[in-house]
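Participant: I am attaching a structure below and will ask some questions about it afterwards.
The values are calculated or read from the model by the stated rules, or taken from the named source; none is laboratory data. Computed from a predicted structure; not experimentally measured. Backbone-built Cβ (ideal geometry, glycine too); neighbour counts: all protein chains shown. Accessible surface areas use protein heavy atoms only, side chains included; no ligands, DNA or RNA. Shrake-Rupley method; radii C 1.70, N 1.55, O 1.52, S 1.80 Å.
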Amino acid sequence: MTSPPPTPIVPPPKNSRVRMSSAQRREQLITIGRQLFAEKGFDATSVEEVAARAKVSKPVVYEHFGGKEGLYAVVVDREVRSLLDRITTALTAGHPRDLLEQAALALLDYIEGETDGFRVLVRESPVGSGSGNFSSVLNDVAHQVEHILGAEFKSRNYEPKLAELYSQALVGMVALTGRWWLEVRKPRKDVVAAHLVNLAWNGLSHLDAKPTLVTRGK
């Protein structure tokens, strides 16, 4: 008596999809939203486009985020926390010059590794949005730098109250250079960081205690 032939294994149809859990679908939508907001900006991105790229219906996007604004807020919040964590973690040195170098490299590392996230942050936020943005990140970083500069100013007999002004100037310089480097990617990241530190530190180390304008007040 011969045994029956084995039952053939029929592969699933090519167009079948594994059903995602709610958490997996949410992560997928965040990833897609991040890509679209980076490519097109908030205004030019639609819920329809997010849903189409995720191969779901529009109500699925509304169910998870309440709309485009909710999705954008989640994307931006994640990027703000990611960038701040990178910079905060990088600031481990004891000397102010080394701290400046670490901060510059941390920002350039983020731009290089999380390009879409950086593009989302530097684009304008929608009017009335309560979401964090690149300006809020820079303010947070500037407050950290302010404490470092304040101690350095005091030791050099400069006015400590001006540390806030200088911290904003330094962070703004690094941030604007980072936006420029985002597009050109030349020279190399370490070269850009070295020149930023060169300009900032050598300028700080030769500050006039009470600078005056040359072209005015004569």
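Participant: Take the conditions over 30 Å from S167 (Cα atoms), under 18 Å from the mean Cα position of the chain (by Cα) and at pLDDT below 95 and apply them to K40. Does it pass? Walk me through it before giving the result.
Facilitator: On the way: over 30 Å from S167 (Cα atoms): yes; under 18 Å from the mean Cα position of the chain (by Cα): yes; at pLDDT below 95: yes.
So K40 passes the test.
Participant: For segment 70-86, does any single residue satisfy the condition of being open to solvent by 70 Å² or more (accessible area, probe 1.4 Å) and polar (S, T, N, Q)? First the steps, then the outcome.
Facilitator: Within segment 70-86, the first condition is being open to solvent by 70 Å² or more (accessible area, probe 1.4 Å), and the residues that meet it are 77-78, 81, 85-86.
Adding the requirement that they be polar (S, T, N, Q) leaves none.
Within segment 70-86 (the criterion being open to solvent by 70 Å² or more (accessible area, probe 1.4 Å) and polar (S, T, N, Q)), the answer is no, since none of the residues qualifies.
Participant: With the structure loaded, tell me whether G150 is of a type outside the set (A, V, I, L, M), within 25 Å of V75 (Cβ to Cβ) and touching a residue at least 12 places away in the same chain (Cβ under 8 Å) or whether it fails that test. Steps first, please.
Facilitator: Working: of a type outside the set (A, V, I, L, M): yes; within 25 Å of V75 (Cβ to Cβ): no; touching a residue at least 12 places away in the same chain (Cβ under 8 Å): yes.
When the stated conditions are applied, G150 does not pass them.
Participant: Would you confirm whether any residue within segment 7-18 is within 30 Å of A151 (Cα to Cα), modelled with pLDDT under 90, open to solvent by 50 Å² or more (accessible area, probe 1.4 Å) and outside any helix (DSSP H, G or I)? So that I can check it myself, show each step before the final result.
Facilitator: From segment 7-18, those within 30 Å of A151 (Cα to Cα) are none; that's our starting set.
Within segment 7-18, none of the residues are within 30 Å of A151 (Cα to Cα), modelled with pLDDT under 90, open to solvent by 50 Å² or more (accessible area, probe 1.4 Å) and outside any helix (DSSP H, G or I).
Participant: Before we move on, is A106 assigned to a helix (DSSP H, G or I), over 13 Å from the mean Cα position of the chain (by Cα) and either at pLDDT below 85 or aliphatic (A, V, I, L, M) (or both)? If you could, list the steps in order and put the result at the bottom.
Facilitator: On the way: assigned to a helix (DSSP H, G or I): yes; over 13 Å from the mean Cα position of the chain (by Cα): no; either at pLDDT below 85 or aliphatic (A, V, I, L, M) (or both): yes.
Spelling it out, it is not the case that A106 is assigned to a helix (DSSP H, G or I), over 13 Å from the mean Cα position of the chain (by Cα) and either at pLDDT below 85 or aliphatic (A, V, I, L, M) (or both).
Participant: What about V145, is it closer than 20 Å to L105 by Cβ, more than 15 Å from the chain's Cα centre (by Cα), crowded, with 19+ Cβ neighbours inside 10 Å and in contact (Cβ under 8 Å) with a residue 24 or more places away in the chain?
Facilitator: Details: closer than 20 Å to L105 by Cβ: yes; more than 15 Å from the chain's Cα centre (by Cα): yes; crowded, with 19+ Cβ neighbours inside 10 Å: yes; in contact (Cβ under 8 Å) with a residue 24 or more places away in the chain: yes.
So V145 passes the test.
Results for (1) under 24 Å from R185 (Cβ atoms); (2) modelled with pLDDT under 85; (3) not in a helix (DSSP H, G or I), shown as yes or no for each residue.
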position	(1), (2), (3)
E79	yes, no, no
G94	no, yes, yes
G128	no, yes, yes
V137	yes, yes, no
E152	no, yes, no
Y166	no, no, no
L170	yes, no, no
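Participant: Restricting segment 28-53 to residues that are without any contact (Cβ under 8 Å) to a residue 24 or more places away in the chain and among the basic types (K, R), which is surrounded by the fewest Cβ atoms within 10 Å (Cβ to Cβ)?
Facilitator: Result: K40.
Participant: Can you tell me which residues in segment 192-218 are within 22 Å of F118 (Cβ to Cβ) and open to solvent by less than 40 Å² (accessible area, probe 1.4 Å)?
Facilitator: Passing the criteria: V192, A193, L196, V197, A200.
Participant: While we're on this one: Give the residues of segment 106-123 that are over 14 Å from G33 (Cα atoms), of a type outside the set (A, V, I, L, M, F, W, C) and open to solvent by less than 10 Å² (accessible area, probe 1.4 Å), sorted by residue number.
Facilitator: Matches in segment 106-123: Y110 only.
Participant: Going by the structure shown, is R25 assigned to a helix (DSSP H, G or I), open to solvent by less than 80 Å² (accessible area, probe 1.4 Å) and at pLDDT 95 or above?
Facilitator: On the way: assigned to a helix (DSSP H, G or I): yes; open to solvent by less than 80 Å² (accessible area, probe 1.4 Å): yes; at pLDDT 95 or above: yes.
Yes.
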